[in-house]
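The values are calculated or read from the model by the stated rules, or taken from the named source; none is laboratory data. Treat the numbers as computed from the prediction; the structure is a model and nothing was measured. Cβ atoms come from the backbone with ideal geometry, glycine included; neighbour counts cover every protein chain shown. Just the protein is used for accessible areas: all its heavy atoms, side chains included, with ligands, DNA and RNA removed. Shrake-Rupley method; radii C 1.70, N 1.55, O 1.52, S 1.80 Å.
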Amino acid sequence: MIICKTPFRISLLGGGTDFPKYYLKNSGCVIGGTIDKYCYVTARFLPEVFNYKHRIVWSKNETVNNINQIFHPTVKAVFKSLNVKNGLEIHYQGDLQKNSGLGTSSSFCVGLINAITTLNNNKISKNKLALKAINVEQYLMKENCGSQDQIWASHGGMNFIRFNRNGKFSVNKLKISNSYKNKLNDNLVLIYTGIHKYSDTVEKDKLFNLNKNLIYLDKIKLITEEFKNTINNTRSIDLIGEMLNEYWHLKKKLSSKVTNNKINEIYKIALTNGATGGKIIGSGGGGYLLIYCKKKFQKKLKNKLNKLVFVNFKFTEKGSEIIFKS
């Protein structure tokens with residue numbers, strides 16, 4: 001039996017430039033990091049005594065005799081990609097709900113590939129793990145998704161990721177001190193909007209409008225580069241709130257589906273109660289708002305938005321890892 005632990009992530013800036021349709025022509029970059037919220041994938045070979053070949057337990061309990069009968073699209077695609085022959089039992093558990101904008105789908109995909117690969121006594125590098133997951137999601141599943149989430153989940157840590165026009169990527173750890181990272185952990189909060197969303201719909205609209213969005217994506221890329229320099233040079237951490245706010249205004253221009261009246265109202269209340277900036281996490285349309293608010297103002301903010309759920313988190317260093325093997 002294998003248990004694989006894979007982190008979720010928070011993308012700070014650069015989202016949109018990690019789509020192949022953009023970076024294969026213009027190059028792209030993102031900044032963010034993995035957080036202490038995880039998904040867990042348990043995998044084991046299923047004994048032949050059962051009257052089914054595969055069992056997949058998530059919010060449903062699937063028992064099937066062949067891969068094509070599997071309902072869960074990621075499990076089906078990963079099984080086909082890895083050419084699964086033996087009967088498997090897969091269990092999924094997560095610290096946060098799916099479709100939340102925190103890269104949960106890609107984390108599951110990475111964790112599942114890692115678990116099954118390890119179960120078969122094979123090794124896989126972080127880069128190959130990320131590329132395998134990208135291939136599964138973008139080409140086998142034909143999801144309208146970028147290439148950053150799979151890399152966060154595989155590599156872990158706070159990184160600047162560069163996407164090159166030749167299709168390759170590089171992962172560079174951000175050069176920040178522990179005290180700087182602690183301040184980030186203290187001043188960034190996640191607010192659940194209460195809106196369940198499907199990223200594919202939003203991203204499809206962004207990609208449809210890509211040509212007219214090039215000017216905004218180019219600006220997003222410039223802000224991301226500037227953000228990297230701000231962090232690496234340990235300039236005032238409070239600049240981050242302002243830069244997130246600038247990025248949020250650009251992100252909203254990529255699609256009318258990125259935001260809505262409820263999200264705008266929450267953001268407006270946050271800005272008038274101690275926050276200096278923020279943005280929706282992931283594609284947009286719902287899920288979590290990331291807000292930069294100094295710790296001393298957070299009590300006031302939480303009181304003002306007391307009907308919403310606040311999630312505290314910390315940035316972490318590890319990517320997908322096997323935590324149990326027998």
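What the table below lists for this structure:
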item	result
Residue in the range 11-18 that is outside any strand (DSSP E or B), open to solvent by less than 60 Å² (accessible area, probe 1.4 Å) and β-branched (Val, Ile, Thr) present	yes
Test: Glu203 is within 16 Å of Gly16 (Cα to Cα), open to solvent by less than 30 Å² (accessible area, probe 1.4 Å) and either among the acidic types (Asp, Glu) or not in a helix (DSSP H, G or I) (or both)	yes
Hits in the range 119-158 (condition: outside any helix (DSSP H, G or I), over 14 Å from Pro20 (Cα atoms) and more than 13 Å from the chain's Cα centre (by Cα))	Asn120, Asn121, Asn122, Lys123, Ile124, Ser125, Met141
Counted residues, the range 251-271 - those being open to solvent by less than 20 Å² (accessible area, probe 1.4 Å), part of a helix (DSSP H, G or I) and of a type outside the set (D, E, K, R)	4
Candidate set: the range 87-118, residues that are closer than 18 Å to Gly282 by Cα and β-branched (Val, Ile, Thr); chosen: the one farthest from the chain's Cα centre (by Cα)	Val110
Some residue of the range 223-235 being in contact with a helix residue (DSSP H, G or I) (Cβ under 7 Å, 6 or more places away or on another chain), at pLDDT 95 or above, buried (at least 22 other Cβ atoms within 10 Å of the Cβ) and not in a loop (DSSP other than H, G, I, E, B)	no
Only listed residue being among the polar types (S, T, N, Q), under 16 Å from Ile291 (Cα atoms) and assigned to a helix (DSSP H, G or I), chosen from Asn245, Asn211	Asn245
Near pairs, Cβ below 8 angstrom, 6+ apart or cross-chain, from the range 111-128 (surrounded by fewer than 16 Cβ atoms within 10 Å (Cβ to Cβ)) to any residue that is at pLDDT 95 or above and outside any loop (DSSP other than H, G, I, E, B)	Lys123/Thr117; Asn127/Ser154
Residue that is modelled with the highest pLDDT [pool: residues in the range 272-314 that are assigned to a loop (DSSP other than H, G, I, E, B) and surrounded by 22 or more Cβ atoms within 10 Å (Cβ to Cβ)]	Ile281
Boolean, Thr42 is open to solvent by 10 Å² or more (accessible area, probe 1.4 Å), of a type in the set (S, T, N, Q) and part of a strand (DSSP E or B)	yes
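Per-residue answers, yes or no, for (1) touching a residue at least 60 places away in the same chain (Cβ under 8 Å); (2) more than 27 Å from Asn312 (Cβ to Cβ); (3) surrounded by fewer than 18 Cβ atoms within 10 Å (Cβ to Cβ):
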residue: Asn99; (1), (2), (3): yes, no, no
residue: Gln138; (1), (2), (3): yes, yes, yes
residue: Asn159; (1), (2), (3): yes, no, no
residue: Lys173; (1), (2), (3): no, no, yes
